[in-house]
Structure formats: structure tokens, C-alpha cells
1. For the stretch 321-371, how big is the tail of P(r) above 15 Å, as a whole percent of Cα pairs?
2. Select from Arg184, Arg220, Arg135 the residue whose mean-square fluctuation is largest in a Gaussian network model of the chain (Cα-Cα springs shorter than 10 Å).
3. Given an 8 Å cut-off on Cα distances and at least 6 residues of separation, report the relative contact order of the stretch 198-343 as a percent.
4. As I understand it, the dipole of the chain uses +1 on the Cβ of Lys and Arg and -1 on the Cβ of Asp and Glu, about the Cα centre. Which of Val151, Thr330, Thr207 lies farthest toward its positive end?
5. Considering the chain as a Gaussian network with a 10 Å cut-off on Cα pairs, which listed residue, Thr229, Thr198, Thr213, attains the greatest mean-square fluctuation?
6. Choose one answer from Ala46, Ala327, Ala338: the residue with the largest mean-square fluctuation in a GNM of the chain with alpha-carbon springs under 10 Å.
7. More than 30 angstrom separation, counting every C-alpha pair in the chain; what % is that?
8. Could you tell me what percent of the DSSP beta bridges with both partners in the chain are antiparallel, to the nearest 5?
Amino acid sequence: MQERHRHYMSRALELAAAGEGFADPNPLVGAVIVKDDRVLAEGYHAAYGSEHAEQAALNAAEEPLEGATMYVNLEPCAHHGKTPPCAEAIVRAGIAKVVIGSIDPNPLVRGKGLDILRSAGVEVVTGILAEKNERLNRFFFHRHREGRPYVILKAAMSADGKIATRTRESQWITNTHSRRDVHRLRHRVQAIAVGAGTVEQDNPRLTARLEGTPTRNPLRIVLDTFADTAPDALVYDSNLAESVLATTENAPEKKLERFQEKGINVWRLPLFQGEISLAALVEKLAGLEVNSLLIEGGGCVNDSAFREGVVDAVHLYLAPKIVGGEAAPTPVGGRGIARIDEARPLRLREIKRFEDDVLLIYDVEKAEVVACSPES
């Protein structure tokens, strides 16, 4: 029986993954309805605001469902949001058994969906492939458990740890396959942040561009203490995606008016050790139900992110090139540490290969905030 449960739950997870990049801030959920070891219907949550996976599967069924079993990777919802409660719809359909991957961490749902099902006499099984489900829904689970978005710091560098040459030329260190993977990552996250220096140097679009594949562009956030970036930079083009200028009280009103006239959102955030507080940014995003943030900054922004302790994972794309030079920048700037035992500990989670490029994915071991001044 457990093997059968895992088989159908694997299919539910496969379906759930199809909503990646579109379902946020909702979780990725897939559902499979089975009777007499025969699949009657399937469904998944395709996009925020659309029907949930359970309802999609119920609607897809072409025969009565009395006595059937539903496999769903997350506890069915029990509250009225953009859609009616899925737990109630399951009961009305006559489903006899519901096999669930994980309990929903959202306080609006947690345990309540189970109560509705069990009160109606539906048999409930939980914990099937729960770890796989939590990995798939890493961003969603993190925000509801930690109260803030999951933050990924991404950098592309040469084999000797340089993100650009001494003249600040950086395009392109990695190959096209690595860059395509970055676009997939942008598609998966809800927000992306860069510093003013990156905008001035590279004039990036910061969109998700995957030829032949539908994508969702993240909210683009420019960290600019004095609002010095040009409002006509590509990152502010509203035809591409929504943008935010994250600045401080130090930015002159006349400069801010240039952005506001173009309809660009302006957020004033506090300072932390002379830089825009990334902890304050993360808190702001949490209030907007943003599950994930990708930092694609330069050394100064990355240094600030580590000093404030907001980074949860690091994605390092390593290219088989030697750049050299003391003046060539590295992924994390600032003064750095004085002793090796002060180094920020990472735990290697995964290694991927894109031809000769390598992606190293690390989880950040949480530590106390280290106070060190940014590079002058």
C-alpha cells in the first residue's frame, strides 16, 4: 500500500511542478484521483487566482467519484480565498480517502482541511513523500514558517573567483547553458534585486527569457541609496515587467520625481551600516506575500546581504576561466573577515553541470550578523 501511495504521490508532485513560476504566492499543488488502481482524473494549480489542484482534478473527472481516493501533495484548503474551500468540494464529490503529502504551514489552513475531511468521514493519510513536497515548495514553506521570503544569492564567476575583469567587463563569464539556467531561476522567483552599480554597468533587463517556454517575470528591485540610476534604464521598463526603486531618505525629492512620473514604484527603506537595509527590504516583501527573492548584486550588495544575515542559499556558477588581477572584483566585497573561523559556513546541497560550467548550490548555515564596513 505504501508503495502505491508513493507512486501516485510522485505523479501529484510531477503535476504540481508544472505551476512553477505562476502559482506564487500560492503553493505548487497537484492532485490525482484514483479508483480500483485506475486514474480517473488529474489536475494542478496552474496560476495564482485559477482553480486549485483538487478542484481542477474534480472538474476533469468524467465519471462518478464516490469511493475514490485523491492524492494531493499539500493539505486541501479550508478557507474562502480567491476560490472556495477544496476540502468541502472533496467531501461533496464523495471521495472516500485523501492521501496527503504535507500539512499546510499556512495558519489559515494548517489542520483545518484535515478536520473538515475527517468530520465528514473521509479517511485521511498524511506524510507521503513529505520531504519531496517541502523541497518542491521550499519558498512557500519558508515564508510561512520564517515569516519572510526565501533569499537566494546568485553569482557567476571564473575558476579563480572573479565576477568581472579589472575593467569591470563581465559579459559573458559563463556559457549559454548556465545563463539559460539563470533565466529559469528568475522565472521561479517572485522578486529580484540588484544594486545601482549593476544597473549602471550592465543595464540589465532582469527578465526571464526562455525561448519557446512561457515565463513569468519577477518584480525587479533596484537598490539605489541616492536615486542616481537613470529612469530610462531597461530595468525600469514597465513594458517588460514591474519595477521598484528601493532608496532611502538620502535621495533628493527631485530625483524621485523622475521615477514617479514614469509610474515606477518608490520604496524608502532604512539604512544598515551605510547601505540600504536588505533586512528591511525582505520584511517589506513579506508583507506583500512574496515567497522568494533572488539577489543578483555585485560585491557590495552581496556583502550587505551576508552582514544582515538574510541569505538562505547561494547559487555559484563557476566557469572554466582564469581572470586574475587584484583589482578584479569577487562575488562578496566589503572589508571581509579577519580570521578564518569567522567565515560564513555553507552546506553543499547540489552540484549541476552545464557543459564545462558548474553550478554549486549551497544552503547558508545561519550565524550572527557580522558588523564590518562596506568597501569605500
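The values are calculated or read from the model by the stated rules, or taken from the named source; none is laboratory data. It should be emphasised that the depicted structure is a prediction, and the values quoted were computed from it without experimental measurement. Cβ: placed from backbone, ideal geometry, glycine included. Neighbour counts: every protein chain shown. In case anyone asks, the SASA skips ligands and DNA or RNA and just uses the protein heavy atoms, side chains included. Shrake-Rupley method; radii C 1.70, N 1.55, O 1.52, S 1.80 Å.
1. Numbers: 844 of 1275 pairs.
The proportion of pairs with Cα distances above 15 Å equals 66 percent.
2. Arg135
3. Values: 162 pairs, mean separation 24.0, N = 146.
The normalised contact order for the stretch 198-343 reaches 16 percent.
4. So the residue furthest toward the plus end is Thr330.
5. Of the options given, Thr213 has the highest mean-square fluctuation.
6. Greatest mean-square fluctuation among the candidates belongs to Ala338.
7. Values: 31861 of 70500 pairs.
When all Cα pairs of the chain are counted, 45 percent exceed 30 Å.
8. Values: 26 of 61 bridges.
Of those bridges, close to 45 percent are antiparallel.
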